[in-house]
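Just so it is clear, none of the values below were taken in a lab; they were calculated from the coordinates. A quick note: this is a predicted structure, and the numbers were derived from the prediction, not measured. Cβ: placed from backbone, ideal geometry, glycine included. Neighbour counts: every protein chain shown.
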Amino acid sequence: MVMSPELDRATVLPDEAAAARHIARICFKTGPPTLTGVELEWTVHDAADPARPVDRARLHRALGRHSPVTIDPTSPAERLRHGGAVTVEPGGQVEISSAPRPSIAALILATEADVAELTAALDAAGLALGRAGLDPWRMPRSVVETPRYQAMRCVFDRHGPAGRVMMYSTASLQVCLDAGEPEQVAQRWATAHAVGPPLLAAFATADRYAGRRTGWASARMAAWLAIDPARTRPVWSPVSPDRDPLTAWTEYALAAPLLCIRGDGPDWTPPPGVTFADWLAGALPRPPTTDDLEYHVSTLFPPVRPRGYLEVRYLDAQPRREWTVPLAVLAALFAEPATTRDALAVATPVADRWQAAARHGLDDGPLAAAATALFDLALAALPELGLPAGIHEETSRGIVRRRAAAERGHR
């Protein structure tokens, strides 16, 4: 989470009102919507035998000076040449988090260069990036162990096996959008949620897992939805569409059970069922601080998460260069307030169909119809992004292909 230097991260929070004020300072930063970022995550496989496990040591050798400290505490954790930060998730998934850019073209070009650099490093080590939102060959297996990941596994195990699938086998595409000016926040917040089910359906890539078909279009999202609704359900709902985003997010965050309690030892597992509100009320030996609250917020995983900007988390990882298409669609839908308003109107009737999107994808007629309409809006707004001719043409073709698939589902 991006922090302002003037914030005191060790301030004790005396009550829920103080916690709410701190959430307001860090989670919804307003201003002109100018920056966009992207986070690309992949499963990683042996190039000759994709079902073969890849261990931490092999990843470390491949990533070298770009290795995160989670796999080498002495690593300089250097960014890639065009600014992308490399992280490794608990199952060995590799992620690039881009530097935010003021233009989509600059974001695509810089991120593609970073992907090429990462790909070359992995290729030299006999490794390859996956092409789907879920590992199609292997069962869940821990690769990176930290106190945070150990606590996550323990807490998620209380709810069943979905937590391990999520931690060790899933890969996503995340798009980061500015929250906008104060008068724009509510509409951008609602739209980011509402377009989720149709875009999840349109870009689902996770129908196979551990050598078999799952019966889901996005078994990745199915795993997320099955973990713990208190930390993975959507914050916005068409049932109460006009609810203030800050109020809704504050209540969500304070009501969510703790996932980790950081300490000096290796065991960060919290007592079962203790929420952050309970901690504020004295449920634990020491009171929480602003730093504890920020860390707690980082353990909440709804489809859209406010982090000073809007982090869109519901898209499956895409094969090869195809990640640029959903990025461009979202950027186009949010390029102008009128387009964002029209996208919200199109998507609101299907905004609660998360399970249907994960299960059926574009075989769900209402979702396919909404996706078709959203692609039409995106194509009309695409010139607003100012893409160079070559990127514009490639992106337009990609959206048209996705629109054709959605239209077939609608029929």
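In nanometres, what is the gap between the two model label sites at Ala113 and Arg408, each 7 Å from Cα along Cα-to-Cβ?
3.7 nm
Kindly identify the stretch 85-140 as rounded, prolate or oblate by the Cα gyration tensor criterion: order the square roots of the eigenvalues as a ≥ b ≥ c, call it rounded if a/c is under 1.5, otherwise compare a/b with b/c, prolate if a/b is larger, else oblate.
prolate
Under the rule of at least 5 residues apart or a separate chain, name every residue whose amide H is placed under 5 Å from the amide H of Leu315.
Here Leu173 satisfy the definition.
Could you tell me which helices of the chain pass both thresholds, a Cα extent of 27 Å or more along their own axis and a mean Kyte-Doolittle hydropathy of at least 0.5, with helices taken as whole DSSP H runs?
Counting only whole DSSP H runs, the qualifying helices are 104-124.
When the chain is treated as a GNM, springs tying every alpha-carbon pair under 10 Å, which of Asp207, Asp178, Asp123 comes out with the largest mean-square fluctuation?
Among Asp207, Asp178, Asp123, the largest GNM mean-square fluctuation belongs to Asp123.
In square nanometres, what is one fourth of the surface area of the convex hull spanned by the alpha carbons of the stretch 118-182?
Numbers: hull surface 30.2 nm².
Its average projected convex-hull area is 7.6 nm².
At what distance in nm do the modelled label points of Asp267 and Glu393 sit from each other, each positioned 7 Å from its Cα along Cα→Cβ?
Distance between label points: 6.3 nm.
Any idea what the relative contact order of the stretch 217-329 is, in percent, if you count C-alpha pairs under 8 Å spaced at least 6 apart?
Value for the stretch 217-329: 26 percent.
Which of Trp137, Ser67, Val195 sits closest to the plus end of the dipole of the chain, meaning its Cα is farthest towards the positive end, when Lys and Arg get +1 and Asp and Glu get -1 on the C-beta?
Trp137
How long are the semi-axes of the ellipsoid equivalent to the chain, from square roots of 5 times the Cα gyration tensor eigenvalues, in whole Å, largest first?
Calculated on Cα positions only, the semi-axes equal 30, 27, 21 Å.
Using the Karplus equation 6.51 cos²θ - 1.76 cosθ + 1.60 (θ = phi - 60°), what ³J(HN,Hα) coupling, rounded to whole Hz, does each residue of the stretch 311-319 give in order, writing x for Gly and Pro?
My calculation for the stretch 311-319 gives 9, 7, 10, 9, 8, 5, 4, 10, x Hz in order.
Which residue fluctuates most in the GNM of the chain (Cα springs below 10 Å): Thr299, Thr74, Thr34?
Thr74
Convex hull over the Cα atoms of the stretch 42-187, averaged projected area in nm²?
10.7 nm²
Could you check which residue among Ile104, Ile71, Ile391 shows the biggest mean-square fluctuation in a GNM of the chain with a 10 Å Cα cutoff?
Ile391
Give me the extension gain from Arg321 to Arg213: residue separation times 0.36 nm, minus the current Cα-Cα distance, reported in nm with one decimal.
36.5 nm
What is the list of residues in the stretch 272-311 whose amide nitrogen lies under 16 Å from a point 7 angstrom out from the Cα of His159, following Cα to Cβ?
Those under the cut-off are 272-276, 296-305.
Could you tell me whether the stretch 186-255 comes out rounded, prolate or oblate from its Cα gyration tensor? Rule is a ≥ b ≥ c as square roots of the eigenvalues, rounded for a/c under 1.5, then prolate if a/b exceeds b/c, otherwise oblate.
Judged from the Cα gyration tensor, the stretch 186-255 comes out oblate (a/c at least 1.5, b/c at or above a/b).
Taking neighbour counts of Cβ atoms within 10 Å as a proxy for exposure, in what order, fewest first, do Met166, Met152, Met221, Met139 appear?
Met139, Met152, Met166, Met221
If you take the beta carbon distance between Asp352 and Arg65 as r and set R0 to 35 Å, what does 1/(1 + (r/R0)^6) give as a FRET efficiency, to the nearest 0.05?
Details: r = 46 Å, r/R0 = 1.31.
Computed FRET efficiency for Asp352 and Arg65: 0.15.
Hey, if you put +1 on the Cβ of every Lys and Arg and -1 on every Asp and Glu Cβ in the stretch 325-411, which of Ala380, His410, Leu344 ends up farthest toward the positive end of that dipole?
His410
Need one number: nm distance between label points at Thr74 and Arg341, each 7 Å from Cα along Cα→Cβ, rounded to one decimal.
So the label points at Thr74 and Arg341 sit 6.0 nm apart.
Are there chymotrypsin sites (Phe, Trp or Tyr not before Pro) in the stretch 154-192 that DSSP puts in a loop and that have at most 12 other Cβ atoms within 10 Å, and which ones?
Details: sites: Phe156, Tyr168, Trp189; in loops: none.
Answer in residue order: no site qualifies.
Rounded, prolate or oblate: which fits the stretch 209-296 when a ≥ b ≥ c are the square roots of the eigenvalues of the alpha-carbon gyration tensor, with rounded for a/c under 1.5 and prolate only if a/b beats b/c?
Numbers: a/c = 3.07, a/b = 1.33, b/c = 2.31.
Verdict is oblate for the stretch 209-296.
Dipole size in debye (nearest 20) for the chain around its Cα centre, Lys and Arg Cβ +1, Asp and Glu Cβ -1?
1040 debye
Can you give the extra length, in nm with one decimal, that the chain gains between Arg131 and Asp55 once fully stretched, where that is 0.36 nm per residue apart less the Cα-Cα distance?
On the way: separation 76, 0.36 × 76 = 27.36 nm, distance 1.93 nm.
Going from the current span to full extension adds 25.4 nm.
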